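Beneath this line is the structure, given in structure tokens, with notes to follow.
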Amino acid sequence: MTANFTTTITVDASPQEAYDAINDVSSWWGRITGSTTAVDDEFVYVVPGLHYSGFRVAELEPGRRVSWLVTGSHLDFVADKQEWNGTTVRFDIADVDGRTQVIFTHDGLTADDQCYDVCTNAWGMFVDGSLKALIDTGAGAPYIFGGDEALTTEDHDELHRQVAAAAASKAV
């Protein structure tokens with residue numbers, strides 16, 4: 001069995017500060033539609049023309065853990081466009097010798113997946129780079145779309161509805 005993707009960052013902030021930064025998804029990953037503040041909240045993240053994913057907040061333990069279930073996805077760059085569906089993104093947070101360690105795991109994203117190289121590179125850029133910077137300095141480096149890539153609020157809302165409808169149809 002192939003291991004799930006994981007990466008670890010260590011920051012000079014409290015576990016609660018790390019937790020708060022993780023939940024401020026737009027400040028380190030990019031624009032989302034929806035909410036990340038309560039269990040069962042749902043949100044959508046989009047990279048126009050490349051990828052969109054819908055998430056449901058599965059766990060929130062302040063200062064300890066954040067977990068999101070992928071309820072729907074579309075990856076334009078691989079054969080199985082819904083490769084992420086049913087996977088879980090998890091952040092485990094702990095105080096380690098006076099510093100805070102964040103272990104990021106994408107459960108279900110393994111080296112057997114076609115998107116593994118591209119996806120792990122992107123997660124590394126956003127978790128190891130942008131999220132760490134947000135926690136350490138207060139400023140992340142989220143992906144920002146402009147020009148022809150810009151999405152309106154209506155675009156995001158429609159994608160959110162599509163992901164929610166796909167998740168609902170699988171639950172039946």
Before we move on, is residue 40 free of Cβ contacts under 8 Å to residues at least 60 places away in the same chain, surrounded by fewer than 20 Cβ atoms within 10 Å (Cβ to Cβ) and not in a loop (DSSP other than H, G, I, E, B)?
no
Quick one: which of 92, 117 is among the acidic types (Asp, Glu), at pLDDT 75 or above and open to solvent by less than 60 Å² (accessible area, probe 1.4 Å)?
92
I want to confirm something. Restricting to segment 3-26 and keeping residues that are assigned to a helix (DSSP H, G or I), at pLDDT 95 or above and within 23 Å of residue 119 (Cα to Cα), which single residue is nearest to the chain's Cα centre (by Cα)?
22
State whether one or more residues within segment 150-164 are at pLDDT below 90, among the hydrophobic types (A, V, I, L, M, F, W, C) and part of a loop (DSSP other than H, G, I, E, B).
yes
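Condition check ((1) under 19 Å from residue 75 (Cα atoms); (2) among the aliphatic types (A, V, I, L, M)) across all residues:
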| position | (1), (2) |
| --- | --- |
| 91 | no, no |
| 96 | no, yes |
| 99 | no, no |
| 106 | yes, no |
Going through (1) modelled with pLDDT under 95; (2) touching a Phe, Trp or Tyr at 6+ places or on another chain (Cβ under 9 Å); (3) surrounded by fewer than 20 Cβ atoms within 10 Å (Cβ to Cβ); (4) at negative phi one by one, residue 67 fails only at (1)
Filter segment 95-114 for residues that are surrounded by 19 or more Cβ atoms within 10 Å (Cβ to Cβ) and over 19 Å from residue 18 (Cβ atoms); which is modelled with the highest pLDDT?
109
May I ask you to verify whether residue 78 is modelled with pLDDT of 90 or more, over 15 Å from the mean Cα position of the chain (by Cα) and aliphatic (A, V, I, L, M)?
no
All positions within segment 8-32 that are in contact (Cβ under 8 Å) with a residue 24 or more places away in the chain, open to solvent by less than 20 Å² (accessible area, probe 1.4 Å) and of a type in the set (Val, Ile, Thr)
9, 11, 22
Would you pick out the residues in segment 43-64 that are free of Cβ contacts under 8 Å to residues at least 40 places away in the same chain and surrounded by 20 or more Cβ atoms within 10 Å (Cβ to Cβ)?
45, 51, 55, 57
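The values are calculated or read from the model by the stated rules, or taken from the named source; none is laboratory data. It should be emphasised that the depicted structure is a prediction, and the values quoted were computed from it without experimental measurement. So basically every Cβ, Gly included, is an ideal-geometry build from the backbone, and we count neighbours across all protein chains shown. SASA here: full protein model, heavy atoms, side chains in, ligands and nucleic acids out. Shrake-Rupley method; radii C 1.70, N 1.55, O 1.52, S 1.80 Å.
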